[in-house]
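Colleague: Please read through the structure below; I'll follow up with questions.
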Amino acid sequence: MKQIVKLVRISLLSSFGFSSIKYNFMKSKKDIWKPIILVLALASLIPSYVMYVQLIKNIYIQLFALGQESSIFTLIIMPISLIIFVFGLSYVLSAFYFSNDVEKLIPLPIKEGNIVISKFISMVIFNYFIVVPILLPVLIVAFGDFGGTLYIIYSLLTILLLPVIPLGIDTIIIMVLMKLTNIQGRKDLLRNLSMFFVLFIIIALQAVLNNTLTSMEPGKEGEFLNALLQRSDGIMVWLGRAYPPAIWFSKSISNAHKISGLIYSALNILLGVGMVYLIGQIGSKIYLKALLEKNNFKKSLKKVELGLLIKNRSPIIAIFLNDVKLVLRTPIYLFNCVSISFLLPILVIVMPLISGGQDADFSQLYFQFKEYITLILIAFFAFIATANPTASTTYSREGKAYWIHAVLPVAPGSMFVGRMLQPMLLELISIFIMLVSLAFVLPLDIGEMFISLVIGMLVSLPICAIGVFIDRLYPKLDWDQPQRAVKQNINVLLNMLIGVGYILLLGFMTMKMMEYEIGVNLIYGLISVLSIISTGGIFWAFHKIK
Amino acid sequence: MLSVKNVKKSFNGGKTFAVDNISFDVHSSEIFGFLGPNGAGKTTMIKMITGLLQLDSGSIEINGVDIEKDSIEAKRQFSFVPDSPEVFDKLKGIEYLNFLGDVYGVESKDRIERIEKYATLFGLKNALNDPIMSYSHGMKQKIVLIGALLHEPEIFVLDEPMVGLDPKSAYNLKEIMNEHCQKGKSVFFSTHVLEVAEKICNRVAIINKGKIIAQGTIEELKNMTKNNESLENIFLELTEE
């Protein structure tokens with residue numbers, strides 16, 4: 001146990017980089033701006049957070065009126081668990097299989113199980129940054145009706161234990177996957193494909209489950225609602241049907257002053273401890289073996305024919321291809337940068353379709369907003385660009401190999417274009433998938449599709465450009481696992497904030513222009529010109545970086 | 001070929017000078033050794049020469065081109081091998097070399113010829129189609145070396161190049177350095193291995209606490225001492241607290 005505590009402590013110290021932050025802040029005065037930017041970025045989220053708290057309050061009042069107030073916990077615990085689960089897959093992969101620290105721990109006299117458990121606990125602790133801000137308002141809002149000492153204790157237990165199950169499932173999936181795909185020669189490819197496959201199966205399963213459980217016979221809706229509202233935990237059980245631990249957590253808090261609250265809390269503790277034990281056991285059996293075999297490469301035995309391997313390319317294409325290879329061959333980057341291009345359209349359009357019966361809603365929406373559909377699509381495509389971290393981590397992803405680009409005689413213009421090509425290509429793929437999917441649901445005409453594609457790309461240009469610019473200025477190069485280059489990179493947040501700001505600005509301008517009855521074609525033109533000029537400005541600023 | 005004039009670089013907001021008013025010249029056809037204890041300022045100096053760090057004051061000219069005023073042209077004049085061979089692990093050896101060839105604009109014919117020559121010399125030819133992440137430390141060092149030689153730079157800048165190389169490869173590297181100088185080009189490298197510096201350098205500079213405390217040919221340095229001592233003794237004498 002002592003060993004686990006020490007390992008977790010070291011892992012957290014190194015992950016948060018307290019020592020280097022203190023050094024940079026106090027001694028070298030380097031990165032002194034970073035905490036300020038972080039505070040500003042967090043401050044900019046305050047209005048959205050206030051809106052979230054207000055929304056929770058309103059929902060709680062509505063549920064209270066229905067006598068279903070206890071379901072507020074399940075309503076929030078379900079999406080938190082899903083978020084932790086989905087994002088946890090790549091996090092687990094990075095922490096367990098692509099982190100440098102494990103190789104330093106292996107030669108030390110530490111039990112394998114302890115290494116696995118300590119890594120798992122560190123990940124759980126990191127996830128409190130998701131759990132606490134989302135769950136805390138719910139616990140506070142409901143305090144008036146459920147509150148008391150036991151409520152506080154069980155709430156704290158819920159916060160502590162909530163990430164354990166979804167992350168535990170992630171860890172088991174990844175460990176088994178890494179064991180099964182440990183085939184020499186094509187490991188990375190196999191793993192990438194299987195990660196996508198697992199994620200797709202989970203999303204599809206969730207959608208089908210949703211579809212089956214929500215489908216009811218026509219005319220029996222009233223009966224269903226009656227049954228739902230008859231019991232005080234009716235909505236809670238219905239909401240948490242796909243993930244029972246959400247119900248158990250909710251019942252432990254909402255029944256804090258009853259014996260059932262204690263029983264559910266004990267069940268949750270048992271489940272959490274059991275999961276940690278299981279991970280320790282599975283980990284000590286299969287983790288280290290798969291990890292050690294990770295670097296057993298199949299050496300090419302063929303004689304190298306240089307003539308066939310040498311190809312001349314321009315510096316721009318060379319930089320672009322280098323960037324693409326780095327992303328495609330690093331599962332963490334592939335998962336975080338490329339998968340979003342495919343998953344976002346799937347989540348937004350295909351999922352509701354699989355869930356069933358909502359195509360009518362799409363068409364209804366289309367006809368309601370027909371006039372603005374292209375503008376809405378453009379805004380959505382621009383949002384996809386802000387959500388993709390490919391541009392804002394282009395230098396950070398290179399880590400310690402960054403020196404290569406720093407000493408190369410490449411003109412800033414070529415470097416900029418080379419770095420822009422990959423995020424723009426991914427944006428094009430996203431838009432294409434989105435439009436093709438939409439074409440099945442909406443009676444979009446070719447003109448609307450073409451305009452939204454072209455202007456969507458143009459509006460995405462400055463968003464990607466600012467990402468490349470920020471990452472050129474302040475690349476995050478000092479990381480011990482690739483996940484940190486993407487997931488714990490302030491540049492991604494900055495890019496997102498500036499991108500959203502830009503979309504809001506364009507939206508505001510468009511609304512004003514419509515108020516003055518300016519033709520839609522002129523609006524398209526002005527948006528395009530503004531985006532091109534903005535990109536030009538960023539391109540000029542990129543040249544000035546020393 | 002390389003001209004460093006009154007270069008200063010400070011950290012901690014100007015409180016500590018890593019490089020304090022350093023000047024030296026590296027001439028054509030010359031191997032110049034840069035010696036000093038750990039933390040003396042060698043790597044900081046090399047980083048400024050290669051454009052990885054900005055100067056506080058002074059100037060650095062590479063083949064007549066100022067690194068700060070025209071960094072792209074200056075970067076065409078040299079190639080750099082760092083002390084730790086951190087490269088794009090996910091690329092194959094040949095992909096890394098091709099990438100450098102593309103960026104430096106090396107013609108296919110020359111590229112094939114040079115890769116063939118150096119990869120064979122360093123025993124890396126059959127590993128070129130393998131991913132760099134499968135390479136040992138020494139092999140990574142060699143692929144960086146081959147990449148640095150690909151465009152036949154005017155100045156070859158190396159930071160601790162012998163670390164991690166096997167004896168045969170270290171010997172080959174010394175031969176390459178000599179060959180490079182015979183073509184009228186120059187080599188600037190830092191090292192801890194004083195025997196190597198003594199054997200192959202035309203001139204050396206010893207840096208300590210950010211200042212150059214001695215520079216000249218090995219003979220000139222030896223003449224500074226009474227008993228014509230070895231470079232090791234001169235080094236220890238000059239750098240001791």
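Colleague: Filter the range B:74-96 down to residues that are polar (S, T, N, Q) and modelled with pLDDT of 90 or more and give me whichever is least open to solvent (accessible area, probe 1.4 Å).
Modeller: B:79
Colleague: What tally of residues in the range B:194-237 results from selecting those that are open to solvent by less than 30 Å² (accessible area, probe 1.4 Å) and either in contact with an Asp or Glu (Cβ under 8 Å, 6 or more places away or on another chain) or at positive phi (or both)?
Modeller: Total meeting the criteria: 6.
Colleague: Within the range B:2-18, track down each residue that is in contact with a His (Cβ under 9 Å, 6 or more places away or on another chain) and surrounded by fewer than 22 Cβ atoms within 10 Å (Cβ to Cβ). Talk me through it step by step, then tell me what you get.
Modeller: So in the range B:2-18, the residues in contact with a His (Cβ under 9 Å, 6 or more places away or on another chain) come out as B:2.
Selection gives nothing.
Colleague: Can I ask one more? Look at residue A:84 and say whether it is of a type in the set (Val, Ile, Thr), within 18 Å of the chain's Cα centre (by Cα) and either closer than 20 Å to residue A:335 by Cβ or open to solvent by 30 Å² or more (accessible area, probe 1.4 Å) (or both). Full working, then the answer.
Modeller: Details: of a type in the set (Val, Ile, Thr): yes; within 18 Å of the chain's Cα centre (by Cα): yes; either closer than 20 Å to residue A:335 by Cβ or open to solvent by 30 Å² or more (accessible area, probe 1.4 Å) (or both): yes.
Considered against the rule, which asks whether it is of a type in the set (Val, Ile, Thr), within 18 Å of the chain's Cα centre (by Cα) and either closer than 20 Å to residue A:335 by Cβ or open to solvent by 30 Å² or more (accessible area, probe 1.4 Å) (or both), residue A:84 comes out as yes.
Colleague: Would you confirm, using the coordinates I've provided, whether residue B:191 is more than 12 Å from chain A (Cβ to nearest Cβ), over 22 Å from residue A:402 (Cβ atoms), hydroxyl-bearing (Ser, Thr, Tyr) and crowded, with 20+ Cβ neighbours inside 10 Å?
Modeller: Spelling it out, residue B:191 is indeed more than 12 Å from chain A (Cβ to nearest Cβ), over 22 Å from residue A:402 (Cβ atoms), hydroxyl-bearing (Ser, Thr, Tyr) and crowded, with 20+ Cβ neighbours inside 10 Å.
Colleague: Can I ask one more? Look through A:407, A:468, A:436 and report the one residue that is free of Cβ contacts under 8 Å to residues at least 24 places away in the same chain and away from chain B (no Cβ under 14 Å). Explain how you work it out, then say what you get.
Modeller: On the way: A:407 fails: away from chain B (no Cβ under 14 Å); A:468 fails: free of Cβ contacts under 8 Å to residues at least 24 places away in the same chain.
Step by step, each of A:407, A:468, A:436 is checked, and only A:436 is free of Cβ contacts under 8 Å to residues at least 24 places away in the same chain and away from chain B (no Cβ under 14 Å).
Colleague: Output yes when any residue across the range A:457-469 is at pLDDT below 95 and open to solvent by 20 Å² or more (accessible area, probe 1.4 Å), and no when none is.
Modeller: no
Colleague: Scan the range B:39-72 for residues that are of a type in the set (Val, Ile, Thr) and under 21 Å from residue A:402 (Cα atoms) and jot them down.
Modeller: Scanning the range B:39-72 gives B:43, B:44, B:46, B:49, B:50, B:67, B:72.
Colleague: Let me ask something else. Would you confirm whether any residue within the range B:57-73 is closer than 30 Å to residue B:127 by Cβ, aliphatic (A, V, I, L, M) and either open to solvent by 50 Å² or more (accessible area, probe 1.4 Å) or modelled with pLDDT of 90 or more (or both)?
Modeller: No: zero hits.
Colleague: Being out of contact with any Leu (no Cβ under 7 Å at 6 or more places or on another chain), within 16 Å of residue B:172 (Cβ to Cβ) and more than 9 Å from chain A (Cβ to nearest Cβ) is the filter here; which residues of the range B:123-139 pass it?
Modeller: Listed by number, the residues that qualify are B:123, B:124.
Colleague: Which residue is nearest to residue B:206 (Cα to Cα), if the candidates are limited to the range B:29-40 and must be open to solvent by 10 Å² or more (accessible area, probe 1.4 Å) and at pLDDT below 90?
Modeller: If we take residues in the range B:29-40 being open to solvent by 10 Å² or more (accessible area, probe 1.4 Å) and at pLDDT below 90, then B:37 is nearest to residue B:206 (Cα to Cα).
Colleague: Still on this structure, please answer the following. Considering each of A:45, A:89, A:108, A:66 in turn, give the residue that is among the aliphatic types (A, V, I, L, M), modelled with pLDDT under 85 and under 24 Å from residue A:252 (Cβ atoms).
Modeller: Going through A:45, A:89, A:108, A:66 in turn, the sole match is A:66.
Colleague: Residue B:21: open to solvent by 10 Å² or more (accessible area, probe 1.4 Å) and either in a loop (DSSP other than H, G, I, E, B) or within 12 Å of chain A (Cβ to nearest Cβ) (or both), yes or no?
Modeller: On the way: open to solvent by 10 Å² or more (accessible area, probe 1.4 Å): yes; either in a loop (DSSP other than H, G, I, E, B) or within 12 Å of chain A (Cβ to nearest Cβ) (or both): no.
Criteria not met by residue B:21.
Colleague: Now a separate question. Restricting attention to helices (runs of 4 or more DSSP H) lying wholly within the range B:134-241, give those where 1 or more residues are farther than 30 Å from residue B:98 by Cβ, under 18 Å from the mean Cα position of the chain (by Cα) and hydrophobic (A, V, I, L, M, F, W, C).
Modeller: B:194-200
Colleague: It is to be established whether one or more residues within the range A:389-398 are acidic (Asp, Glu) and either within 14 Å of chain B (Cβ to nearest Cβ) or within 22 Å of the chain's Cα centre (by Cα) (or both).
Modeller: yes
Colleague: Being more than 7 Å from chain A (Cβ to nearest Cβ) and without any contact (Cβ under 8 Å) to a residue 24 or more places away in the chain is the filter; apply it to the range B:111-122 and report the residue that is most open to solvent (accessible area, probe 1.4 Å).
Modeller: Among those that are more than 7 Å from chain A (Cβ to nearest Cβ) and without any contact (Cβ under 8 Å) to a residue 24 or more places away in the chain, it is B:113.
Colleague: Scan (1) crowded, with 21+ Cβ neighbours inside 10 Å; (2) touching a residue at least 40 places away in the same chain (Cβ under 8 Å) for the single condition residue B:142 breaks and write down its number.
Modeller: Exception for residue B:142: condition (2).
Colleague: Filter the range B:2-18 down to residues that are small (Gly, Ala, Ser) and outside any loop (DSSP other than H, G, I, E, B), then give me how many there are.
Modeller: 3
Colleague: Among the residues of the range A:375-406, how many are open to solvent by 10 Å² or more (accessible area, probe 1.4 Å), within 27 Å of residue A:546 (Cα to Cα) and aliphatic (A, V, I, L, M)?
Modeller: Matching residues across the range A:375-406 total 1.
Colleague: Also, I was wondering about something else. So which of A:449, A:434, A:415, A:420 ends up being open to solvent by 20 Å² or more (accessible area, probe 1.4 Å) and either in a helix (DSSP H, G or I) or touching a Gly at 6+ places or on another chain (Cβ under 8 Å) (or both)?
Modeller: Answer to the check: A:449.
Colleague: Next question. Against the conditions (1) within 17 Å of the chain's Cα centre (by Cα); (2) touching a residue at least 24 places away in the same chain (Cβ under 8 Å), where does residue B:21 fall short? Just the number, please.
Modeller: Going through (1) within 17 Å of the chain's Cα centre (by Cα); (2) touching a residue at least 24 places away in the same chain (Cβ under 8 Å) one by one, residue B:21 breaks only (1).
Colleague: Now for a separate question. Consider only pairs whose beta carbons are under 8 Å apart and that are at least six residues apart or on different chains; among these, list those whose first residue lies in the range B:97-108 and is surrounded by fewer than 21 Cβ atoms within 10 Å (Cβ to Cβ) and whose second residue is modelled with pLDDT under 95 and among the polar types (S, T, N, Q).
Modeller: B:107/A:312; B:108/A:312
Colleague: From the set of residues in the range A:230-281 that are at pLDDT below 85 and β-branched (Val, Ile, Thr), which is surrounded by the fewest Cβ atoms within 10 Å (Cβ to Cβ)?
Modeller: By that ranking, first place goes to A:237.
The values are calculated or read from the model by the stated rules, or taken from the named source; none is laboratory data. Worth saying up front: this structure is predicted, and the values here are computed from it rather than measured. Positions of Cβ are backbone-derived with ideal geometry, glycine not excepted, and every protein chain shown enters the neighbour counts. The accessibility values were calculated without ligands, DNA or RNA, using every heavy atom of the protein model including side chains. Shrake-Rupley method; radii C 1.70, N 1.55, O 1.52, S 1.80 Å.
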